[in-house]
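Engineer: Quick one: the structure is below, questions incoming.
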Amino acid sequence: MTETRTGQDRNRAISRRVFVCGLAALAGMAGTTLDAKHASAQASGVAQRIADHFSSVKTMAGEFVQFGPRGEQTGGKFYIRRPGRIRFNYEAPSPMRVIADGKSVVIGNMKLKTWDIYPLSKTPLNLLLSERIDLTGRMVRAVREESDLITIVLGDRSIFGDSTITMMFDPKTYDLRQWTITDPQKKDTSVMIFNVRTGMQLDDKVFRIPYDEVRNKGRGG
């Protein structure tokens, strides 16, 4: 038990370092917003190989720590199945669930029995869960390569407005370490992942959205 906890603490410490490095990388990009053509030109073969590696991972599961716009911190377990599927189970006392089933994303409060639903295609989360991340396309806003971190910023103003998703990868292992979604109000929600496993079978029911509850309890209807 002590060894397991020590390992988890070490992983969290590494994740926090990635989070700090990521903020530094984003700060370095501040004031240098590039159009899609120039940003795409930044993407080297290394960055595209990392993106291709991530795209080739069809299933992932592990633990996460989330930092909200006001600095609030929550954690739990996550599951991903490409394309389009993700689930966050937040640990107590948080009552939240986030589920994407390939078409929609719902955010549920299990205590209040309320749900918000959005088209997945209209959220930057769709880019994280896409079949392939193409760094030659117009969605690339910026690419930053450092010795210990590759940072890729994606967004499409015609679809997501000013929302973006920033993904941070280990340049040696090509593993995803963190992503940050920035909303139109420039508020960030960052998710760091650790104890990640890949290649497992994940059943459809993991990503099943309870549409009956969503329709009956969803806000605004």
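The values are calculated or read from the model by the stated rules, or taken from the named source; none is laboratory data. Here the structure is a predicted model, which is why all the values come from computation and not from measurement. Cβ placement follows ideal geometry from the backbone for every residue including glycine, while neighbour counts extend to all protein chains displayed.
Engineer: If you take the residues of the range 201-220 that are surrounded by 14 or more Cβ atoms within 10 Å (Cβ to Cβ) and part of a loop (DSSP other than H, G, I, E, B), which of them is modelled with the lowest pLDDT?
Structural biologist: Here the residue is PRO210.
Engineer: Restricting to the range 114-149, what's the tally of residues that are aromatic (Phe, Trp, Tyr) and crowded, with 19+ Cβ neighbours inside 10 Å?
Structural biologist: Here the count works out to 1.
Engineer: Checking ASP148 against (1) in contact with a strand residue (DSSP E or B) (Cβ under 7 Å, 6 or more places away or on another chain); (2) more than 15 Å from ILE181 (Cβ to Cβ), which single condition isn't satisfied?
Structural biologist: Single failed check for ASP148: (1).
Engineer: Against the conditions (1) surrounded by 14 or more Cβ atoms within 10 Å (Cβ to Cβ); (2) farther than 20 Å from ALA61 by Cβ; (3) over 13 Å from the mean Cα position of the chain (by Cα), where does SER158 fall short? Just the number, please.
Structural biologist: Among (1) surrounded by 14 or more Cβ atoms within 10 Å (Cβ to Cβ); (2) farther than 20 Å from ALA61 by Cβ; (3) over 13 Å from the mean Cα position of the chain (by Cα), SER158 violates only (1).
Engineer: TRP115 passes all but one of (1) under 20 Å from LYS186 (Cβ atoms); (2) in contact with a helix residue (DSSP H, G or I) (Cβ under 9 Å, 6 or more places away or on another chain); which number fails?
Structural biologist: Failing condition for TRP115: (1).
Engineer: Turning to a different aspect of this structure: Six or more apart or on different chains, Cβ atoms under 6 Å: show the pairs whose first residue is in the range 58-73 and over 12 Å from TYR90 (Cβ atoms) and whose second is of a type in the set (A, V, I, L, M) and surrounded by fewer than 12 Cβ atoms within 10 Å (Cβ to Cβ).
Structural biologist: THR59/MET200
Engineer: Yes or no: the range 170-183 includes at least one residue that is in a loop (DSSP other than H, G, I, E, B), surrounded by fewer than 21 Cβ atoms within 10 Å (Cβ to Cβ) and either in contact with a His (Cβ under 8 Å, 6 or more places away or on another chain) or among the basic types (Lys, Arg) (or both).
Structural biologist: Yes - at least one qualifying residue is present in the range 170-183.
Matching residues to (1) assigned to a strand (DSSP E or B); (2) in contact with a strand residue (DSSP E or B) (Cβ under 6 Å, 6 or more places away or on another chain); (3) at pLDDT 90 or above; (4) within 18 Å of VAL196 (Cα to Cα):
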position: GLY28; (1), (2), (3), (4): no, no, no, no
position: ALA39; (1), (2), (3), (4): no, yes, no, no
position: THR74; (1), (2), (3), (4): yes, yes, yes, yes
position: ARG87; (1), (2), (3), (4): yes, yes, yes, yes
position: ILE99; (1), (2), (3), (4): yes, yes, yes, no
position: ILE107; (1), (2), (3), (4): yes, yes, yes, no
